[in-house]
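Written out below as structure tokens is the structure these notes cover.
The values are calculated or read from the model by the stated rules, or taken from the named source; none is laboratory data. Remember, predicted model here, so these are calculated numbers, not experimental data. So basically every Cβ, Gly included, is an ideal-geometry build from the backbone, and we count neighbours across all protein chains shown. With ligands, DNA and RNA removed, areas are computed over all heavy atoms of the protein, side chains included. Shrake-Rupley method; radii C 1.70, N 1.55, O 1.52, S 1.80 Å.
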Amino acid sequence: MTHNFDKLPEIFARHPQDPSSLIMVLQDIQREYRYLPCEALLQTAQVLDVKLSKVFSVATFYNAFSLNPKGEKVVRICVGTACHIRGSALIKEQIEHHLGIKAGQTTEDMKFSIEVVACVGACAMAPVVIVNDKYHGGVSVGNATRLVKD
Amino acid sequence: MKSRFIVTPILCTGCRTCELACSFTHAKDGKVGRSRIYPLNGGFKDLYVPVVCLQCEDPACVKSCLVDAIYFNENTGAYEINTEICVRCMACVAACPFGCSLFDTQQNLVIKCDLCGGDPVCAHFCPTKALTYKSIAV
Amino acid sequence: MKIVSPKQLEQLAAEYKKTADRHKKMVIVCCGTGCLANGAQKIVDAFAECLSRRKVKDFTVEAVKKTGCHGFCEQGPLVVIEPQGTFYTKVKPKDIETIIEKSIENDEVIEKFLFTNPKDGRKIEKYPDVPFFSHQHRIALRNLGKIAPFDIREYIAVDGYKALAKVLTTMTPDQVIDEITKSELRGRGGGGFSAGKKWRTCRNVPSDVHYVICNGDEGDPGAFMDRSIMEGDPHSVLEGMMICAFAVGAKQGYIYVRDEYPLAVIHLQKAIADCEEHGLLGDKILGADFSFSIRIARGAGAFVCGESSALMRSVAGEVGEPRAKYIHSVIKGLYDQPTVLNNVETFVNVPVIINHGADWFRKIGVPKNSGTKVFSLVGKVRNTGLIEVAMGTTMREIIYDIGGGIIDGRPFKGVQTGGPSGGCLPESKLDLPVDFDSLTEAGSMMGSGGMIVMDDKTCMVDVARYFLQFLVSESCGKCVPCREGLYQLHKLTIKICEGNGTEVDIEKMEKLSQQIVVGSLCGLGKSGPNPLLSTIKYYRDEYLAHIRDKKCPAGVCRNLITYRVIPELCTGCLACITACAYHAITGQKKEPHVINQDLCEKCGACVAVCKHDAIEVS
Amino acid sequence: MVTVTINGKLVRAKEGEMLLAVLRREKIDIPALCHHEAVEPYGACRLCMVEITRKEWDGWKNMVTSCLYPVADGLIIQTHTTDLIELRKTILDLYLARCPNTPEIQDLAAQYGVMQTSYEQVADPNDCILCGLCTRICDRMGFSAISAVNRGHGREIAPPLKNAPPDCVGCLACALNCPTNYIKYTDIGHTREIWGRKFELLRDAKTGQLTITKEFAEYLSKHRVIPQDYFDLNDESHRKETALSLGKIAIWSREVPQ
């Protein structure tokens, strides 16, 4: 996949250019491209004066980052305790089966990605599914697959 | 006053006694290859020079060491390798222009002359006094 | 506008109070994340749209106030009509017209939007009468649902920054620390360490640079109080931090916010910008010789970053790997400088203590555990949401009086507190007073305050497996006992869940757990086996049922259960056939359906959709 | 100087030095897999844990990792209590589940009487014990060419993006200090290969063991201000010649007053 990397300088300019900004810069890149492209990592290392290995290490350590491109719609299924008790595993299975992919994967047509997230802090509405930053509470077997219709 | 090795090449016969003395002292098995000192042929027949660490004033080995494993021992005036710290990257081995930082393949350690704690054994054993260790005014 | 003196702040507060009173009629729309998800923004838009069409006497669109979380997220979107305090739940955009017409123009109460008490089915009209709220004691959540979080004027109007002014004008740093120490405020993040002592230690370290960090990395799954506070009352957090900074002599503060909380970041950013504009952050705050600035550091999704040394590394932009703390982070923390790290809830308590005094605070709660604690009461309980009670309240009061009991009137089985570091407590512990020491003694933990209620349909072995899975994926992987030990514990629980366990495995798990507790480097590993140990302790029967009888009493563990349609109850509605992803159910309309056991993956989707309870689990 | 009691014996130690160093000096056999003097103590393997107490602690004991614990006056240390041996056994047992075929781990485990793991062996075992020595030494050397990636049980050591590491100079410090020889490299002719990257060796491997790569030499001459010609020695005879001539000048002109 090729990208236009014009946005990168703008992202770098938002933060102080020292190693402590690393996580926040990567987050902005992730938000912009919905994953961390190789080229962006190389530039980040250069601009922030951090060794590439450290950038890579941070990019793989934290859950929020992905080195693989994500689909147009990212379906995040909360598997926090409250959601687990109220059956998020079943919701996850339904959505996985419906899209034919497992959590962490992306459909071949790059339309959907499934991610699991350990608690989004909306426990009172469990089980919760987030589709591209939109929260859906009280998801049930009946309406789970409706969330991932095109 | 500082103590220094004093080398008189004309007296050196290349007998390798210094090497033996060094090996026995440091490795206890007398293998010549594990010595910190070695005589080099000076290009002419029968001209030898015992080459041993000069304890330079601005040593390349210390500069090359990225983990600060080589330190100056105030008591003996020798640069010594802390083998616990040494990561065996061999930067010092390559950096020393005299070849006085050596790699001991048997012990898997980098070795160099430590002046035997201030009284080098090699100098004692030199039969021709080509190699001596004396206090001199610098 | 810069506020240059405490006096000016006082004048402003008086002025803003008047402004706030001007709207006699007011509509409060809860815009916490929960209500927003349920469509609160649409409600606000509908009010605006409706009011643009329709002129209402003494009521403009400005009187529609977006506030932070009320805590009662399950019933959202919530709308409160002031000054009567009429409390409407589950409001929809199409209802707004009616609400304006009846409740605002004519002060009527619309019965159908009122909250129904699940206990007796009666409608409750007023906000404070709802049992969910009436049993609470709100200190940390004092402003939630009352003020608009992104308007500094509203905060100043409720005596915001009064404590800061008091501290700057009348107190010395030592007096502040004395006051906090005297109040016996303990860290609300889980450990329960005395905040005053921590500040004192930090202040006493001779160093030019001190840091204050607010821990908003609420990693415990099932807890969301910090999120609600940061979103709904960001200025309280900032004020608490400023007072702390003044006390320990810090010039720079950080708020570490979880990546999953984007709204909290926005609100905090706005609050910080407002403070800077008003001269409450920056140089010479309120004209006093005190400078302080705050930066937001966003986390990136790592539970282990709730651990202090890991968090500090993460703030510095590194991998969140904990280090051994034989030198405490209060002495050598962020960038190796003395650092105070407190939780959001702890900081929020600070201004109140300064305003009302330590003695007042100490009267709330029980000895050595003063004040209140916020819990997120979730799981299989009727009223889920955020609650705040005085320390020492019993679990029974919380679950039955505030929570309204268990969903569908099912039997209570256990309550999980303290997140992945805590444990599960059975019915026999229901009368345990909830405070730091009692919970720890019972084998659980206060943690950050998650309280997950479980009924008889929850398998405790599965719960232990769930927490271990969580910890295995969240362990940083640095030390062996945590990385390998928890992994092996997880494998063993899977073995039991699949019906392949033996009684030796329980002993093995107990022994390994003990070693993990002793051997791990940081708190994650040291407390990691707690959920497992507490379930073995209190629910050993259930483990034995899995091992000896190869049965899962709760009907959760797939290998040990079968689903069967009860023909007498099945109406042949086809719902389960549609829901079954594996095409394991066959049948005709209006005829009893049949589950093909060979195809059945036991996901339980059929049970979830069946309205007639016609599918039995055995 | 402070005095501590180790297994009942009074021992003098420097204040603030790490406990492990004292134990090693006293020739007490404490296993430690993630410790190296060149780098900061890390505390990952947990094998060096010892029990500490003090008179004033009234019998309260604590287990600490000795590599990280600074000695202080009056500490009473036990190194081989039943609890500690149990802990080490468990840890080695867990190690064996991860690295069942690693001789170093097998030997150490056998010393503690663990012949094979009592846990489930991981699916795809290798020799890496994730002690982090390679990455920490690489950081210490200033290269940071490799790092730990992922987290938890899926943690591994890898070069960035799993490609040839751009910051590597091929010094072999990682491979030579790996306690289980997990990091593989080859020196064939003038070529060294490590982490999937090829380096040119400055000297002939046949004539001497003194081998560093061109990249390393360039790094040293640039960052450590060592003249490039110190390294421009492509065969042993040339080196001897240089050594001799430089040696002559140094020894005779500087050292001996005439």
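General observations
- Qualifying residue in segment C:132-145 (condition: outside the structural domain of C:N343 (by TED's automatic domain parsing) and open to solvent by 70 Å² or more (accessible area, probe 1.4 Å)): yes
- Test result for C:V453, touching a strand residue (DSSP E or B) at 6+ places or on another chain (Cβ under 6 Å), crowded, with 23+ Cβ neighbours inside 10 Å and within 10 Å of another protein chain (Cβ to nearest Cβ): yes
- Odd one out for B:A60, checked against (1) buried (at least 23 other Cβ atoms within 10 Å of the Cβ); (2) of a type in the set (A, V, I, L, M); (3) touching a residue at least 40 places away in the same chain (Cβ under 8 Å): (3)
- Exclusive hit being buried (at least 17 other Cβ atoms within 10 Å of the Cβ), in a loop (DSSP other than H, G, I, E, B) and more than 8 Å from chain C (Cβ to nearest Cβ), set A:A103, A:A89, A:A64, A:A59: A:A103
- Residues satisfying the stated conditions in segment D:24-61, i.e. within 14 Å of chain B (Cβ to nearest Cβ) and open to solvent by 40 Å² or more (accessible area, probe 1.4 Å): D:R24, D:R25, D:H35, D:E37, D:E40, D:P41
- Contact map, segment C:384-401: first residue more than 14 Å from chain A (Cβ to nearest Cβ), second residue open to solvent by 30 Å² or more (accessible area, probe 1.4 Å) and part of a helix (DSSP H, G or I), Cβ cut-off under 8 Å, separation 6 or more or different chains; pairs are C:V389/C:E397; C:M395/C:K429.
- When C:N355 is tested against (1) open to solvent by 10 Å² or more (accessible area, probe 1.4 Å); (2) within 21 Å of C:G192 (Cα to Cα); (3) more than 14 Å from every other protein chain (Cβ to nearest Cβ), exactly one condition is not met: (2).
- Just one of the listed residues (C:S309, C:S236) is out of contact with any Cys (no Cβ under 6 Å at 6 or more places or on another chain), among the hydroxyl-bearing types (S, T, Y), touching a residue at least 24 places away in the same chain (Cβ under 8 Å) and under 23 Å from A:T60 (Cα atoms), namely C:S309.
- Residues of segment C:474-488 that turn out to be without any contact (Cβ under 8 Å) to a residue 24 or more places away in the chain, part of a helix (DSSP H, G or I) and not charged (D, E, K, R), as a count: 1
- Residues that are open to solvent by 60 Å² or more (accessible area, probe 1.4 Å) and either in contact with a Gly (Cβ under 7 Å, 6 or more places away or on another chain) or touching a residue at least 40 places away in the same chain (Cβ under 8 Å) (or both) within segment A:1-23 comprise A:M1, A:P19, listed in sequence order.
- Residue list for segment C:177-208, filter: among the hydrophobic types (A, V, I, L, M, F, W, C) and touching a Gly at 6+ places or on another chain (Cβ under 9 Å): C:I177, C:I180, C:L185, C:F193, C:A195, C:C202
- In the condition set (1) touching a Leu at 6+ places or on another chain (Cβ under 6 Å); (2) farther than 30 Å from C:L471 by Cα, C:S308 is compliant with all but (2).
- Only a single criterion out of (1) under 13 Å from C:I43 (Cβ atoms); (2) touching a strand residue (DSSP E or B) at 6+ places or on another chain (Cβ under 6 Å); (3) hydrophobic (A, V, I, L, M, F, W, C) is not satisfied by C:C73, namely (1).
- Condition check for C:E345: in a strand (DSSP E or B), among the acidic types (D, E), in contact (Cβ under 8 Å) with a residue 60 or more places away in the chain and open to solvent by less than 20 Å² (accessible area, probe 1.4 Å): no
- Single residue of segment B:83-130 satisfying the filter (among the acidic types (D, E) and part of a loop (DSSP other than H, G, I, E, B)) that is nearest to the chain's Cα centre (by Cα): B:D114
- Members of segment C:54-96 found to be away from chain A (no Cβ under 14 Å), open to solvent by 20 Å² or more (accessible area, probe 1.4 Å) and touching a Ser or Thr at 6+ places or on another chain (Cβ under 8 Å), listed by number: C:V61
- Residue within segment A:116-139 that is without any contact (Cβ under 8 Å) to a residue 40 or more places away in the chain, within 11 Å of chain C (Cβ to nearest Cβ) and charged (D, E, K, R) present: yes
- Residues that are within 14 Å of chain A (Cβ to nearest Cβ) and surrounded by fewer than 24 Cβ atoms within 10 Å (Cβ to Cβ) number at least 2 in the following helices (runs of 4 or more DSSP H) confined to segment C:191-286: C:262-277.
- Output for segment A:67-85, where each listed residue is facing chain C (nearest Cβ under 7 Å) and not in a helix (DSSP H, G or I): A:G80
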